[in-house]
Structures are given as structure tokens and as C-alpha cells.
Amino acid sequence: MYWTISVVAVCVVLVTGTHAATCTQKDLCSCSMDDGSGDIDVSSLGKQDGTAMFQDMASSDGTIYSLNLCYPFNEMACANAAACQILADGSASYQIGDATNVGFETDTLNQVHIKYTNIDQGSGLTRTTDVTLVCNPSADPPMATADGETAPGSVTYLFTVNTKCGCPGQCGGGPAPPDPTTTKGPNPGPGPAPNTSSEGISIGTILVIVALALGFSYLVGGILFMKMVRHARGTEVVPNVSFWGSLPGLVKDGFVFTIGKCKRGGYSKV
């Protein structure tokens, strides 16, 4: 009887005392543990140059996987991806996780899972990538494995990352996560940031462009007309060649006339 009561008491303590902490999402790269142990931040587990930190990992299901946490990458047909599946022969690829469709969960061991989803535009299937973060303070750099699809046709793909960043409060202070409103679109790729200045082209610049365009059109059109219609040759193909030839002299005469007027001018003597 005593042993029965003791076993029941221990079971009650274990059941009531075990509580899986939750990790409340803060942004695309981090969540906060509700037990006060700290934040989980994976901003250091992803590259920002458009390539995957964990690239072309072989798995037991016979395909190859690439994974990049926090920031999007591009590989073959996968764009703005968190994870990408590639057939072994390289003939096709499938995006199995969108970098901006992310959620944080915990299991009974208080391990944090990062889940990315992506809706296949062709088939309509929703593919899910489940990344388990294993707290390992000595895993620096991190070690990732691709466990592959849970079962053929399940469209759920498992990854495991041994990292100190799986331990609350061990990582953080990385670059800000991407803005979901600016990471959409086909194959953004690395490159300089777009010019977001609200200033447009000035009126003076527009006038100069228009003048140059008109001048070019006048010259080319005139030359074609003189050559094709009037069968002119040599310098005669230039439209109004006599005017343009006399223009420097006219400019000089105007300049001399103006200077002469200025020299003879002035105030009258009283």
C-alpha cells in the first residue's frame, strides 16, 4: 500500500510539474522563452548574400537540401527561400520553405522548432520545413543535418541544427531580420540596395535631355535627307551647312560688338 501511494505521488508530481515552455515569436529570426530563460535568436545561422549557409546537404531520402535561417536565399528554382529540395541528378528543385512564412514552436524537451511553409504555385501543395534547434554550447560553428521528408508524399521535411543558438540567451545582436514586404519577388539575389530617394529628375536635366535628343534627331534626319533625297556628298550632307559654317564668325562678331559697347559706355560727365 505504501509503495502504491508513493508511485502515484511521484507520477502526480511528474505530470503536474512538467511544463513545456513556449517561445513567443518576436520577428523572423527570434522568439522569447516564456520561462524567462532568454531569447532564441538565429540571425547568425543564415547568410545575407543570397546563398545558403547549409548548402547541398545529402539526406537519407536520396535528395539534396539547402537551408538558410532568418534570411532568404536563391538556388535553382527556389527564390526567397528558407529551404530548398534538389533532386539528386540536379534536374529539378522545389521550394519547401518561404523565408517570410515562419513560426516558432517548442516540444516536450523544450527544444525550439522553426517551421517554414511554402505553397507550391503549380500543385497547390503546402510544403513545410521543420528545423529542430538542439542546444549545444560547444557547437560553434553550428552543425546541420538534413533528415529529409518524413515519409514519401508527406511534404514535411525535417532538419536538425546543433548550435549554441539553440540555447536561450546565447545568441543575439545580429543584423535586423528582413522586411517581409521587400523580400517578395523572383530571385532578388545579392546586390546594391535600391535607390529609395523620393527626389526625381530636375527640370533642368529634362530640358538638357530633350535638347540633346532634338539636336541628334535634327542632325541624323538632315543628313539622311540630304544624302538620300538631294544626293549630297561630303560636307554638303550636313543640313544647313552654310549656316553652321558661318556660326563661329557670327558668334565672334556678336562678342566683339558687345565688348565694344561696354567699353564706350559709362556715365556722362557732369
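Odds and ends about this structure:
- Of all residues in segment 200-226, those that are at negative phi have Cβ atoms under 7 Å from Cβ atoms of residues that are in a helix (DSSP H, G or I), 6 or more apart or on another chain, in 223/237; 226/236; 226/237.
- Summed over segment 199-213, residues that are at pLDDT 80 or above and either open to solvent by less than 70 Å² (accessible area, probe 1.4 Å) or closer than 21 Å to residue 235 by Cα (or both) total 4.
- Cβ pairs under 6 Å, 6+ apart, first in segment 18-44 and over 15 Å from residue 171 (Cα atoms) and of a type in the set (D, E, K, R), second at pLDDT 90 or above and open to solvent by 50 Å² or more (accessible area, probe 1.4 Å): 34/22
- For segment 140-166, the set of residues classified as open to solvent by less than 40 Å² (accessible area, probe 1.4 Å), farther than 17 Å from residue 111 by Cβ and either among the aliphatic types (A, V, I, L, M) or without any contact (Cβ under 8 Å) to a residue 12 or more places away in the chain (or both) consists of 146, 154, 155, listed by residue number.
- Filter result (small (Gly, Ala, Ser) and surrounded by fewer than 18 Cβ atoms within 10 Å (Cβ to Cβ)) within segment 80-136: 88, 90, 91, 92, 103, 122, 123, 124
- Any hit, segment 31-51, residues being open to solvent by 20 Å² or more (accessible area, probe 1.4 Å), part of a loop (DSSP other than H, G, I, E, B) and either touching a helix residue (DSSP H, G or I) at 6+ places or on another chain (Cβ under 9 Å) or hydroxyl-bearing (Ser, Thr, Tyr) (or both): yes
- Any hit, segment 84-102, residues being farther than 23 Å from residue 119 by Cα and either out of contact with any His (no Cβ under 8 Å at 6 or more places or on another chain) or of a type outside the set (A, V, I, L, M, F, W, C) (or both): yes
- Residue count for segment 82-99 under the criterion of being of a type in the set (Asp, Glu) and either within 18 Å of the chain's Cα centre (by Cα) or not assigned by the TED database to the domain that holds residue 48 (or both): the result is 1.
- Pair list, Cβ under 9 Å, 6 or more apart: segment 235-248 residue open to solvent by 90 Å² or more (accessible area, probe 1.4 Å), other residue outside any helix (DSSP H, G or I) and β-branched (Val, Ile, Thr): 244/238
The values are calculated or read from the model by the stated rules, or taken from the named source; none is laboratory data. Quantities reported herein were computed from a predicted structural model and do not represent experimental measurements. Please note: Cβ atoms are built from the backbone with ideal geometry, for glycine as well, and neighbour counts cover all protein chains shown. For accessibility, only protein heavy atoms count, side chains too; no ligands or nucleic acids. Shrake-Rupley method; radii C 1.70, N 1.55, O 1.52, S 1.80 Å.
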